[in-house]
Each structure stands twice: as C-alpha cells, then as structure tokens.
Amino acid sequence: MKEQNIIDDLCAFMDASPVNFLAVDTTCRLLRKAGFEELDMRAEWSLRSGDRRYVVKNGSAVFAFIVGDGMPSEGFHIISAHSDSPGFRIKPNCEIACEGGAVKLNTEVYGGPILYTWFDRPLSIAGRVMLRSDNPLQPEARMVMFRRPLMVIPHLAIHFNRAVNEGNKLSKQEDMLPVVALGCKESKGMICRLVAEELGVAPESIIDYDLSLYNTAKAEIVGVDNNMICSGRLDDLSMVHAGLTALLSEADRKTRNTRVLAVFDNEETGSGTKQGAASPVLEHILRSLIYAQGGTERDFMRAVADSFMISADNAHGLHPNYVAKQDPTNHPVLGGGPCIKVNANCKYMTDADSAAVFAEICRKAGVPVQYFVNHSDVAGGSTLGNILTSQIPLRGVDMGAPLWAMHSCSETASCADHVYTVKAFAEFYRM
C-alpha cells in the first residue's frame, strides 16, 4: 500500500471508530472483506494451513489469525493493541432537567482523559445498545453512531472565573456534564427515545446500553508539509490500524508460524475484564487454535516458547514546549520512528533481548527506531505487554509511535511514524 493511501486509510478508520465497539465492528468488516471468517468459542474448531479466522469477545475485542504452514508447535507472531480510549460514558437514567429548561446528561469518566480538552466541542453519542429478544440470556446487540453533533460541554465564561488561566480544578460530576437540549418540557427517557428512533425500534425494546460521548471532529492532516495527523483516540486505534494493515498486506504470504492480531478492550482501566489483557481470553484462543490443528498441550507449550509478541501502545513524543518533562538522554521525536518502551520496574515487558529483536525487525524493514524511557521523577503507566505475560509467558516488546497530548480529546502524531510502524509490523508478519 502506498504511503499516502495508508494515511488516508488511517483517517477513514479513525472516523468510523468513535468508540471501542465501533472500532471492533470496523476491524471485523475489513477482516471479512479480506476473506476472514468468524469463529465461535462455543463451537468445535477444525483448522488447516492458511485459514483466516477471527474471534470477537463482548463486541469490543477481536482476535484475528492466519494459520501457519508449519506444525502446530511452530509458534505465534502476535501484535496486540487495544480498542478503548479515555472519555465519558453515559449513565443509566441520564437526563437531568435544569433551571431554565436546559437538559444535561449524567456521565461518568472512563479512564484518564484530559478533562478540559472536552470543553466547547461539538460532541455526539456512539456505542452498543441491547434490545429485547426471545431469549433473556441472549439480548440482541446493535451498534449506534449519531453522526450529527448532539451536545456540548460548555465552559464557564472567564468573566465568572477571572483566575481560570491560572489553574482550574474541575469536578467530574459538576463541571463536565454535557448539555443536550434547551427548552425541553419532557426530558425523562430522551436518550432512549433518540436511540430508538435512530435504530428504528420501539423505545420499550431497549433494555440497556453502553454509550459514550465522542468528538465529532474528523481526523485531519495538518502542518505546512502535511506531515501530522490530529484525531481523537490515536491512542490506541492508530496501533490497531497499523497491526490490521500489516496483517492484511501480508495475508497471502505463507509462513510457518501463525500470525495473530489481538485487539483487547479496557486497557485504560487496568485490563481486568473478560475482554481485557488480564483475562485468559488470548490463552484460550491460542490453545484452541493448537487443538483445532490436531495439536496437544505439549505443542501449545512449545508454540508459546517459540513465539514473539509486539505489544503496540503509543508512546510520548518530545513536546517542544515541555522538553524538561522528558528523560534527559532519550528524546523520541515525532517523525523519528516507532519507540521501544523501557521501564526498570517492569511496567513494560521489554528487556534487552526483546528490544534487540524489535530493533532488528525495524532495521530489516528500513525503519528508524527510538527509545522511550520515563523521566525518573515521573511515574509511568503500564500497558498490555506486562499484563499479558502474567497469563502467558510470552517473549515480547512494548513499543508505540510517539504522540503529543496523549489522552486529550484530540491527539497529534506524525504521518511518517504511522507508515514506519506499518512497515515494521509487516516485516514481523513476513518472518
């Protein structure tokens, strides 16, 4: 795929994926278009060399793989990323009628967003809706995405808070609630009625929902040389897109190992869900994959021992206004290539062995590589890699493309870094 096509495709992917459920839905659509078929974990699997399959968990995590040509014990080449991003989830019974006829929505913060970046932007709603079915244990799930702006979180005018630019402590419950209507006489049930109309169903058929706010601004290419991308949710959907693009670009190539793309949910809240990296979901899928080829438990253990995983989650690029925040000798810059992420206290799975492997993958792909290490006075977060190794003893590396303003409503990345990352991932899937 040409470099400009990769970036155009990334922008389209971001615009179609405002929340985790839609990101997985978009990923599955692209997988099916490339000949992948969905598997059910409740069914018996039978797999052969070259089979393209995927498994969906909870509608918000997806695991795609291409069966290798070798023995079941040949091992896995895995790229992992996550579908969720920080933001706001809509609570049940969400409408709040206010003095003057305005209606607010009661929301709960998900993960760790930069709160004030959500002010004064046109926002809308997307997510999953559960509808009544004939089987109470299996309600029908439907995706919904309102493409028009529905609300705004208005900031308080500076005239009422003259010190706002000197620091403004925000209450998630009081300051961050979006206004969805003015002059409304009947607010109760407004969102359910709105969703029902969008889906073409009766409001009483809606049992529950997983709905989030999203910024309606499209992904944009910016800069004098058109070399930056601004979009919400680049962390971590840009890595999902890079992994998916690489897998599909190499799908027709034969390899002895089995290639896997694992997109988990709930990384931003610790991964401790059935669809998160701290669950045994990937282990179950990999073990089932071995057994479906006639392999044994011993084959599974051998495959794990001969596997390598790239845990892809974005890194912090050197900020031109805050250089002192970065480690003094490791300055990953936007446009300088993907970053190997290192932490002495094992917040990342990277060690010298796995860093060397990824650096060699990049060298072979003709891609520059950088290192990200936290400033020693700044506590860093963890990500998928070290969490996954508590479930499966995989050899692997944590890496990511550098960003500015991670967890902002709109993040910034380098177009070149995304192309570099796709090239490195494709090289890994070729091996």
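Report the longest stretch of the chain that contains none of the GluC sites (Glu not before Pro) sitting in a DSSP loop with at most 13 other Cβ atoms within 10 Å.
After excluding every exposed loop site, the longest remaining stretch is 187-431.
For the peptides 337-344, 287-294, 321-328, the ranking by packing is 337-344, 287-294, 321-328, with the highest mean count of neighbouring Cβ atoms within 10 Å listed first. When restricted to Cα atoms, segment 69-108 yields an Rg and a Dmax of 23.1, 70 Å, respectively.
Among V144, V369, the order of accessible area from largest down is V369, V144, computed with a 1.4 Å probe on protein heavy atoms.
When ranked by the protection proxy of mean other Cβ atoms within 10 Å per residue, highest first, what sequence do the peptides 415-424, 221-230 form?
Details: 415-424: 25.5, 221-230: 14.3.
Per-residue Cβ counts within 10 Å, averaged per peptide and sorted highest first, yield 415-424, 221-230.
Note that the chain presents 45 Å² accessible area per residue, ligands and nucleic acids not counted, probe 1.4 Å.
Between their Cα atoms, which of K33/K57; K91/K325; K104/K169; K274/K347; K185/K218; K57/K325 are more than 27 Å away from each other? Show your work: numbers first, answer last.
On the way: K33/K57 20 Å; K91/K325 36 Å; K104/K169 21 Å; K274/K347 21 Å; K185/K218 33 Å; K57/K325 38 Å.
The pairs that break the limit, which is 27 Å between Cα atoms, are K91/K325; K185/K218; K57/K325.
Largest to smallest in accessible area, the residues W404, W45 fall in the order W404, W45 (1.4 Å probe, all protein chains included).
For the chain, what % of the accessible area comes from carbon and sulfur atoms, probe 1.4 Å?
On the way: 9690 of 19430 Å².
Looking at the chain in its full context, I get 50 percent from C and S.
At q = 0.16, 0.21 Å⁻¹ the log10 of I(q)/I(0) for segment 48-158 amounts to -0.98, -1.30, computed by Debye summation with a single uniform scatterer per C-alpha, solvent ignored.
Shown here: semi-axes √(5λ) of the Cα gyration tensor in Å, derived from the displayed model; of the candidates (1) 43, 27, 21; (2) 37, 28, 18; (3) 36, 34, 19, it corresponds to (2). Think of it as helices only: each DSSP H run of n ≥ 4 in the chain is worth -39500 (n - 2.57), and spread over all residues that comes to -8000 deg cm²/dmol at 222 nm.
Computed from the alpha carbon positions, the gyration tensor of segment 288-431 leads to an equivalent ellipsoid with semi-axes of 30, 17, 13 Å, biggest first.
Of the trypsin sites (Lys or Arg not before Pro) found in segment 1-58, the ones in coil according to DSSP and having at most 10 other Cβ atoms within 10 Å of their Cβ are K2, R42, R48. Summary of the geometry: segment 298-369 and segment 147-224, compared by the centres of their Cα atoms, lie 37 Å apart. Once the mean of 1/r is taken over each pair of separate Cα atoms and inverted, segment 245-356 shows a Kirkwood hydrodynamic radius of 17.3 Å.
The values are calculated or read from the model by the stated rules, or taken from the named source; none is laboratory data. Given the structure is predicted, the values throughout are model-derived calculations rather than measurements. Ideal geometry is used to build each Cβ from the backbone, glycine not excepted, and the neighbour counts take in all protein chains shown. The accessibility values were calculated without ligands, DNA or RNA, using every heavy atom of the protein model including side chains. Shrake-Rupley method; radii C 1.70, N 1.55, O 1.52, S 1.80 Å.
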